[in-house]
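Read through the structure below, which is laid out as structure tokens, and then see the notes.
Read-outs throughout are calculated quantities, based only on the coordinates presented, and are distinct from any laboratory measurement. Please read all numbers here as calculations on a predicted model, not as lab measurements. Virtual Cβ from ideal backbone geometry, glycine too; neighbours counted across all protein chains shown.
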Amino acid sequence: MSPHKPTLAVYKFSSCDGCQLSILNMEDELLDLAGALDIAYFLEATRAERPGPYDIAIVEGSITTPHEVERIKEIRRQAKVLIALGTCATSGGIQALRNFTDAKALANTVYDHPEYLHYLDTATAIAEHVAVDLELWGCPVNKGQVLEVISALLNNRRPNLPAYSVCLECKRRGTICVLVDKGIPCIGPATQAGCGAICPTSGRGCYGCFGPTRSTNLDSLTNILTKLERTPGETVRLYRGISGYAPAFREIADELLKEAK
Amino acid sequence: MQSDRSPEIGSTVAIQKNVFNSLLSKLKEQGYEIVGPHVENETLVYAPIAKLEDLPRGFVTEQEAGSFRLVYTGHTRYFDIIPGAQSWKQYLFPSRAELFTLRKADGTWNMETPRPTAPAYAFIGVRGCELAAIQIQDNAFLRGDFTDPIYRAAREKAFILAVNCLHPASTCFCASMGTGPRVEGDADLTLTELEDVFLLNVGSELGRNILSGLPFESASAFVLNAANRGLERAAQQMGRSMDTSDLPDLILNNLDHVHWREIGERCLSCANCTQVCPTCFCWDATDTLSLDGNQTRRERVWDSCFNPGYSYQAGGNTRPTIHSRYRQWMSHKLGTWKVQYGTFGCTGCGRCITWCPAAIDITVEIANLRKEIR
């Protein structure tokens, strides 16, 4: 560890602030965190701002405007380690739904004066614009995972983040598989663990907010899900949810739509 | 003939069904935490139970590859339900357990190893296949050269009331694996449920002790015959079967067969089969380090050979494809397990078939592999 306390900067891009709140929600650990890190820039927590460079930059949100494209480049220049926080930052998030349609038509529908808007046609992940050192998925992120990553950085070790599917988290907590037991469409078998299987434990299917696992078989899962559809097109909508612009989910949904035509 | 003496070990006695509540009370008085099948959130789990009425009377399970449904038919039997996803493994080999905590003080690390503590469980309704699975895990965790203290703490105190299966599910194949439907292993008591009475076979001193003082009568030839006939019928009604005659060679001599790749196209690598399997014992150790680096806690958690990280080692993943991970699982269950422990790692409970979202059926895959080779 360096002799000085590592500096931390937390930034927000297009997002709902929920992932930053996950940091502030660490009620039991927040004081330790403030003790271990020098919080130099974190507008949601403090008005005090200090200029970079920073040891750790945590970035929430996706890139949706020309201004954001420039801003993230500057943040990258100021950061030794850059962490993309949450599914907006790792895949574009829910606002990436506009990537599947005509953003201009949406703007015209929503705003009286769309000519005042400066936006990009797509909402995209931080990693599509700058090099990202670590991605933490989730909508919102799991605060335990945030702490784990910071602890790993402070102690010079690899963070312990699961590479397996949500199924394992269901089983570890004794949740009965909603897909097999109730026939509820669930993309947990193809979704990265990390949430603790919140949705299946509440009796609903996983909708993939922690993003696709690295080793999965979406073709087979799609065959299963299309047979369970309660409304036509449900499988496509499941894949095109909060992490719908993640390449694996995006491609399988595109394929399904192509087949449907 | 009504009796309140102690029954002989090895004998079979009959009790009125409501007497079972006295049996449960007695277990509770002796400090047991009683767990058994229970309907919760509209599905079947193993959970704490206190009385006969907590059991899933009137329910059956309809099980097929990739599908499980709990159905109420209104029948009057308490132990007629074929188990669901959960198994007794969750009590003996908990999904999460602390191994130790390291604390740094004055420049030195101190290790604190918690003394394994587990309640004395009374397992009510252990099936033949499940008892066989417990004995298979015993082989892994209670070895001569190494004993797992966490497993042992729960296992050595557990009271086992086993149940003979009279109505197996369509995914069951215990008869062909030699583990059921009649309970073959060592249980403290083994129950057979007839329409009006429970028959209890006394398997141990502990079982005898629990029954002593309760109103029982020795089982008549008539009821014993009824139980035997029921068990014969159950063996014939078994939904599936596994031909083990050419195992493990069939698998071990055909590790490069194209059939594995074909399974890999369907397998999700989600690990469900291994997690519901009552014999799968793989685990991972995870460390949680405090921010200041002065304390770390190591936990043991359920892991699976289907997880990409499981076979990751220096140089990369030794089983990078889904088919290679499926092959690893099946060749262990039905192949190398036998080399390692002298038994198969499969008891024919059928959980991996029912709970596979992709409906992959181990009995069908073995039969297909055999067919393709001939």
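Phi-derived couplings, Karplus 6.51 cos²θ - 1.76 cosθ + 1.60 at θ = phi - 60°, listed residue by residue for the range A:192-209: 4, 5, x, 7, x, 6, 4, 5, x, 5, 8, x, 10, x, 6, 10, x, 6 Hz, with x used for Gly and Pro. Across the range A:166-260, C-alpha contacts under 8 Å between residues 6 or more apart give a mean separation that, scaled by the residue count, equals a relative contact order of 24 percent. One way to sum up the overall shape of the range A:183-261 is the equivalent ellipsoid from its Cα gyration tensor, whose semi-axes run 19, 15, 10 Å, largest first. Since only B:117, B:335, B:20 are under comparison, the one whose Cα sits farthest along the positive direction of the charge dipole of chain B, derived from C-beta charges on Lys, Arg, Asp and Glu, is B:335. In the range B:105-249, Cα pairs under 8 Å separated by at least six residues give a relative contact order of 26 percent.
Computed over neighbours whose Cβ is under 12 Å from that of residue B:329, the net charge equals +3, Lys and Arg +1, Asp and Glu -1. With neighbours defined as other Cβ atoms within 10 Å of a residue's Cβ, the residues A:135, B:193 order from fewest to most as A:135, B:193. Which of B:18, B:41, B:272 moves most in a GNM of chain B, Cα contacts under 10 Å? In this elastic network of chain B, the residue with the biggest mean-square fluctuation among B:18, B:41, B:272 is B:41.
Quick one: of A:171/B:333; A:73/A:258; B:28/B:333; A:182/A:261, which pairs are farther than 27 Å apart, Cα to Cα? Before the final figure, lay out each step's value.
Working: A:171/B:333 20 Å; A:73/A:258 36 Å; B:28/B:333 37 Å; A:182/A:261 30 Å.
Distance filter (> 27 Å) returns A:73/A:258; B:28/B:333; A:182/A:261.
Shown in residue order for the range A:5-20 are the 3J(HN,Hα) couplings computed by the Karplus curve 6.51 cos²θ - 1.76 cosθ + 1.60 at θ = phi - 60°: 6, x, 8, 10, 10, 10, 10, 10, 10, 6, 5, 9, 6, x, 6, 4 Hz (x for Gly and Pro). Magnitude of the charge dipole for the range A:166-260, about its Cα centre and with charges confined to Cβ atoms of Lys, Arg (+1) and Asp, Glu (-1), is about 340 debye. When the alpha carbon gyration tensor of chain B is reduced to an equivalent ellipsoid, the three semi-axes, largest first, read 36, 29, 18 Å. Ordered by the number of other Cβ atoms lying within 10 Å of each residue's own Cβ, fewest first, A:116, B:121, A:239 fall into the sequence A:116, B:121, A:239.
I want the antiparallel fraction of DSSP beta bridges within chain A, as a percent rounded to 5.
On the way: 6 of 24 bridges.
Just about 25 percent of them are antiparallel.
Using only alpha carbon pairs under 8 Å that are at least six residues apart, calculate the relative contact order of the range B:12-236 and give it in whole percent.
Values: 393 pairs, mean separation 53.2, N = 225.
For the range B:12-236, the relative contact order is 24 percent.
With bins 5 Å wide starting at 0, give me the P(r) of the range A:68-161 over every alpha carbon pair, in whole percents. Going out from 0 Å in 5 Å bins, the range A:68-161 shows 3, 12, 18, 18, 17, 13, 8, 6, 3, 2, 0 percent. Figure legend: label point modelled 7 angstrom from the Cα of residue A:131 along Cα→Cβ; no residues of the range A:8-38 have amide N under 13 Å from it.
Ordered by the count of other Cβ atoms within 10 Å of each Cβ, fewest first, A:170, A:139 give A:139, A:170.
Dividing the summed -39500 (n - 2.57) terms of all DSSP H runs of n ≥ 4 by the residue count of chain A sets its mean residue ellipticity at 222 nm at -10500 deg cm²/dmol. Which of B:17, B:104, B:89 moves most in a GNM of chain B, Cα contacts under 10 Å? Greatest mean-square fluctuation among the candidates belongs to B:104. Comparing B:354, B:336, B:113 in a Gaussian network model of chain B (Cα springs below 10 Å), the most mobile by mean-square fluctuation is B:113. Label zone of residue B:258 (point 7 Å out along Cα→Cβ, amide N under 14 Å): in the range B:348-374 this covers B:369, B:372-374.
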